[in-house]
1. Taking the conditions exactly as written (open to solvent by 40 Å² or more (accessible area, probe 1.4 Å), of a type in the set (D, E, K, R) and touching a helix residue (DSSP H, G or I) at 6+ places or on another chain (Cβ under 8 Å)), does Asp252 satisfy them or not?
2. Just for region 264-311: of the residues that are of a type in the set (Phe, Trp, Tyr) and assigned to a helix (DSSP H, G or I), which one is surrounded by the fewest Cβ atoms within 10 Å (Cβ to Cβ)?
3. Has region 223-233 got any residue that is part of a strand (DSSP E or B) and modelled with pLDDT under 80?
4. Could you check Ser174 against (1) over 23 Å from Leu296 (Cα atoms); (2) out of contact with any Pro (no Cβ under 8 Å at 6 or more places or on another chain) and say which number it fails?
5. Give the residue that is surrounded by the most Cβ atoms within 10 Å (Cβ to Cβ), with candidates limited to residues of region 30-60 that are touching a residue at least 24 places away in the same chain (Cβ under 8 Å), not in a strand (DSSP E or B) and not aliphatic (A, V, I, L, M).
6. Give me the residue from region 164-197 that is over 20 Å from Leu293 (Cβ atoms) and aliphatic (A, V, I, L, M) and, out of that set, surrounded by the fewest Cβ atoms within 10 Å (Cβ to Cβ).
7. Given Ser161, Ser103, Ser114, Ser142, which one is without any contact (Cβ under 8 Å) to a residue 60 or more places away in the chain and open to solvent by less than 10 Å² (accessible area, probe 1.4 Å)?
8. Going by the conditions given, is Ala253 within 30 Å of Phe169 (Cβ to Cβ) and either in contact (Cβ under 8 Å) with a residue 40 or more places away in the chain or of a type in the set (Ser, Thr, Tyr) (or both)?
Amino acid sequence: MTFQQLSFAVEVAKCASINKAAERLYTHQSNVSSTIKQLEDELGIQIFQRTQKGVSVTEEGREFLSYADEIVNKLAFVENLYAKSHFRKQYFSVSSMRSYFLSVPITNLYAYLSSHQEDPIYIRLKKQSFLDVLDDVQYCRSELGVVFLAKSHKRRIHRLSSVKGLNYFELGESRISVVIRDDHPALEKYPADKITDHITEYPYSITENKENFAQFYDDDSEAVSQLFKAPPKCMISINDSAASQDIIAETDAFFISSTPWQHPKYYRFSSIPLDGEDNTLTHYYVVKKGQELSPLAERYILELRKMFEAM
């Protein structure tokens with residue numbers, strides 16, 4: 001399988017026509033047709049259904065093209081990133097288990113970025129799972145990673161960091177909290193120390209990086225396990241944290257936060273810490289061993305530390 005075969009297949013799917021795809025690819029129709037046929041023979045599947053009106057994607061072709069399109073787009077991204085060296089001088093990427101830890105340091109660094117960066121800069125912020133954050137840093141997809149674990153699980157990050165060639169540094173601690181809107185009916189219905197005993201009577205909104213309906217939180221936690229002795233009556237899974245917050249603000253749903261919730265003034269939320277010793281999380285930033293940090297990474301870490309000191 002070649003990249004040309006993938007790009008031809010993606011273009012044919014976009015155009016729904018081999019002739020139109022050939023025009024956009026600046027080649028002959030016969031070349032596109034034979035390339036697609038070779039790809040189908042190699043894979044043992046039929047990607048396109050050919051008719052007199054053009055081509056349509058088959059069911060098995062639809063799945064294949066979802067992967068092919070991702071590969072083609074990633075190559076185009078890399079080519080654009082490096083081909084125009086005069087456009088991109090600096091690159092900084094950070095991966096984190098929480099979008100809050102991605103956005104706040106950048107917000108606080110805005111004045112620095114505006115006044116001290118003479119060269120153009122590309123910044124990439126990625127919300128990932130615990131293991132994906134470590135992988136991003138290990139394989140240099142991100143310069144910096146931000147993760148958290150239950151305080152009792154410190155050995156896990158020590159072991160994984162040793163295996164993956166990473167250094168980890170503690171940022172601070174926080175408490176796992178249930179977050180609801182501040183006029184939630186549970187606040188009137190139950191005493192403050194009994195709210196979490198009844199919280200699963202209400203919808204649970206979870207922001208997921210990957211579908212895993214058996215897991216209610218990013219990290220194993222006895223406090224969260226006790227909360228979900230029985231599954232919630234309603235579970236709303238969404239992969240966009242901002243949309244999840246909108247749901248909490250407008251309904252009786254709740255979500256679980258790794259910190260007492262802090263958000264812009266137009267959201268009014270109440271944070272209720274979970275009981276138990278396992279309620280405490282330790283947060284870390286991770287970097288690759290031997291990697292010299294960029295000036296922006298060092299400033300980003302400084303802002304992270306300020307954020308945790310203020311919690």
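The values are calculated or read from the model by the stated rules, or taken from the named source; none is laboratory data. On a predicted model such as this, the values are computed, not experimentally measured, just so you know. We place every Cβ from the backbone using ideal geometry, glycine too, and count neighbours over all the protein chains shown. We work out accessible area using only protein heavy atoms, side chains counted, and drop any ligands, DNA or RNA first. Shrake-Rupley method; radii C 1.70, N 1.55, O 1.52, S 1.80 Å.
1. Yes, satisfied.
2. Restricting to residues being of a type in the set (Phe, Trp, Tyr) and assigned to a helix (DSSP H, G or I), the top hit is Phe308.
3. Checking region 223-233: not a single residue is part of a strand (DSSP E or B) and modelled with pLDDT under 80.
4. (2)
5. Thr35
6. Ranking the qualifying residues of region 164-197, first place goes to Ala192.
7. Ser142
8. Here the answer is no, as Ala253 does not meet what is asked.
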